[in-house]
């Protein structure tokens, strides 16, 4: 089965890794959010692309989810002493990725090409596809004004109250050719348990992406478990936007897009409500505590896929 | 006494440091070669400026002369794994300087301004002045063709046989305003024991610099001791250019430019020949094995200055 996974940060990367354990490189591509990419210290930084790449390469820091296991921070400390901003924590080995990517982009390569080169060097065997080679910037609208995503997420620790989101540039940005080709060939699309607003939202906002997903079997895995987000601000965002902090509320966001939805066993009571949205449902343990947990969830999703129909059965 | 030191790499930085121990910040400026600056991994790297800055700041690596004492090389190893060239050894802390400089240059600062900011953050108290804010590239002409300086020096280990030098851009480059102002106000100019061809050569090739030096008391310290260069390719270059490998041969290169010349005590027999060039001479221990050796040589040079006249006594 040819599968495309859509992923943002840590949670998404874990399920992508589980799928990579289950599927050959030619049968899985991971399309990754680039809305939180930014320029910092003169370098192009792509946090979600790197998290997915490092996770697939088996070198991700298991404690933080971001960065490289065992990395050191000598550069960051020295950079701070020189007066450069140090709120974004870049490890010495991680920095090599940013420098190499920036160098390749400056030499005229696309982000897709630069990502492919880094992934190959790190032995990440499955394609990691940035959602677009064009710039898209996630802006978080808050009670303190509009913030760049990293400013909101890292510098401000998700503290300001969210009122909405914008993806600057998304109207003129195109999904990458590679992403479109992967989606067009996909027999299953998996929306990983990433933040629906700021991780998958930018991917889904790109022209044509929703139609490509809705036209084929697609499954979303809830990032909300037992009324909480395992990581990141998804629960806080749902709350501040006046939505329930529940798997069901996430399922409503994906109505008309996916035919299948996976809830955690803690949220089994919400299954009828999700089924009432016209989705097939699977209730299982979605918390990936280890590599075997990632593989187990991936296998469960792939087994579930057989009974899932496209959300749009018409032309799409 | 207001002093300007001209310096290239390691040996020059050591005497500059000795002078900095002897003189207040307002009484010493160090003009530094930028001919071996280059772009690498998308970063602007200024090896001589950094060597002088780190040496004045007291953080230079005493074993190598370049880089920062105790630096680590995690970035370099990771960068090499990504396929980036790793022949130029950048430490993790050293890298912060290159990133910060590149960021400041990209933001429109001059190299002089960026250097001032880095030096201030590192507590180098005496002004470190890049010779020019305009690009000058030292090219080494060899029996294997023309090589960029770092390619010759680091990547090829000074192996190719030298036939000459060119300083690309030097005809249109201007010495920095700060360097001209410092030279114009100087009561003494010290040509540190740096390579006369590739360290001091680019500085002296800038428009007007030689005239400014020749018009005031100036002293050169021989980088050749006992027929050898203490560090770097100066001896090899003299030999390949058909010159003697001697202090006297270096003095001839500076004839008409400096009125005073310092020879090592190992080279005392050459003193009459140097004096015959019309220079005052000082014979002393020029080998700086420790901080106190740097200070001792600096004090000797400053004491010697009283008897040194400008090489040009006319209008200059």
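The values are calculated or read from the model by the stated rules, or taken from the named source; none is laboratory data. Since this is a predicted model, take the numbers as computed values, not measurements. Methodologically, a virtual Cβ is constructed for each residue, glycine included, from the backbone with ideal geometry; neighbour enumeration extends over all protein chains shown.
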Report every pair of residues separated by at least 6 positions or lying on different chains whose Cβ atoms are under 8 Å apart, first residue within the range B:191-216 and free of Cβ contacts under 8 Å to residues at least 40 places away in the same chain, second surrounded by fewer than 20 Cβ atoms within 10 Å (Cβ to Cβ) and assigned to a helix (DSSP H, G or I). B:208/B:180
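Quick check on the range A:167-174. Is at least one of its residues closer than 21 Å to residue A:232 by Cα and either crowded, with 23+ Cβ neighbours inside 10 Å or more than 14 Å from chain B (Cβ to nearest Cβ) (or both)?
In the first step, residues of the range A:167-174 are kept if they are closer than 21 Å to residue A:232 by Cα; the result is A:167.
Adding the requirement that they be either crowded, with 23+ Cβ neighbours inside 10 Å or more than 14 Å from chain B (Cβ to nearest Cβ) (or both) leaves A:167.
Yes, because at least one residue in the range A:167-174 is closer than 21 Å to residue A:232 by Cα and either crowded, with 23+ Cβ neighbours inside 10 Å or more than 14 Å from chain B (Cβ to nearest Cβ) (or both).
Which of the following residues is loosely packed, with under 15 Cβ neighbours inside 10 Å and more than 16 Å from residue A:40 (Cα to Cα): A:107, A:124? Lay out the reasoning, then the answer.
On the way: A:124 fails: loosely packed, with under 15 Cβ neighbours inside 10 Å.
Just one listed residue meets the conditions, A:107.
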Looking at the range B:175-187, which of its residues are exposed (fewer than 14 other Cβ atoms within 10 Å of the Cβ) and outside any helix (DSSP H, G or I)? B:187
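Which count do you get for residues in the range B:195-219 that are assigned to a loop (DSSP other than H, G, I, E, B) and either surrounded by 20 or more Cβ atoms within 10 Å (Cβ to Cβ) or within 16 Å of the chain's Cα centre (by Cα) (or both)? If you could, list the steps in order and put the result at the bottom.
To start, the set of residues in the range B:195-219 that are assigned to a loop (DSSP other than H, G, I, E, B) comprises B:195-200, B:206-208, B:215-217.
With either surrounded by 20 or more Cβ atoms within 10 Å (Cβ to Cβ) or within 16 Å of the chain's Cα centre (by Cα) (or both) added as a condition, the list becomes B:195-200, B:206, B:216-217.
Qualifying residue count for the region: 9.
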Within the range A:74-90, is even one residue over 20 Å from the mean Cα position of the chain (by Cα), at pLDDT 95 or above and over 30 Å from residue B:70 (Cβ atoms)? no
